[in-house]
Amino acid sequence: HSPLESGYLGRISSAMVNDLQAPAVELHPEIGGALELRRKSGAVGAAMSGSGSTAFGLVPDEARGREIAAFLNLQGFAAWYVHTCPVM
């Protein structure tokens, strides 16, 4: 099984790499703040997607994901809980 199928979120979060993240955070520290807020809210891992238009976090379950999304929305972020679909 892949880490996602096995539920090893810690393994997945440690493997998330985006070479543009560090330079983007340097230019726009608010991106780093958004990522840290996700982690402090209970996301197992958080990263920037692509060139910084989106930040995401991995969560252990739907309930926690919905709580984090609601909290982030209260902080002024546009946030949604979404789940992955199995690849067939």
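The values are calculated or read from the model by the stated rules, or taken from the named source; none is laboratory data. Bear in mind that the values here come from a model prediction, so they are computed numbers and not experimental data. We place every Cβ from the backbone using ideal geometry, glycine too, and count neighbours over all the protein chains shown. Calculation scope for accessible area: heavy atoms of the full protein, side chains included, ligands and nucleic acids excluded. Shrake-Rupley method; radii C 1.70, N 1.55, O 1.52, S 1.80 Å.
Before moving on, here are some points about what is shown:
- Shown in residue order for the range 62-72 are the 3J(HN,Hα) couplings computed by the Karplus curve 6.51 cos²θ - 1.76 cosθ + 1.60 at θ = phi - 60°: 4, 4, 5, x, 5, 5, 5, 4, 4, 4, 5 Hz (x for Gly and Pro).
- Calculated accessible area for the chain comes out at 70 Å² per residue, all protein chains present (probe 1.4 Å; ligands, DNA, RNA ignored).
- Label-point separation in nm, GLU30 to THR54, each point 7 Å along Cα→Cβ: 2.0 nm
- Listed residues HIS83, HIS28 arranged by accessible area, highest first, probe 1.4 Å: HIS83, HIS28
- Near-label residues of the range 40-54 by backbone N, under 18 Å of a point 7 Å along Cα→Cβ of LEU20: 46-54
- Theoretical ellipticity at 222 nm over the chain - DSSP helices of four or more residues, -39500 (n - 2.57) apiece, nearest 500: -13500 deg cm²/dmol
- Protein accessible area in the chain, 1.4 Å probe - carbon and sulfur %: 58 percent
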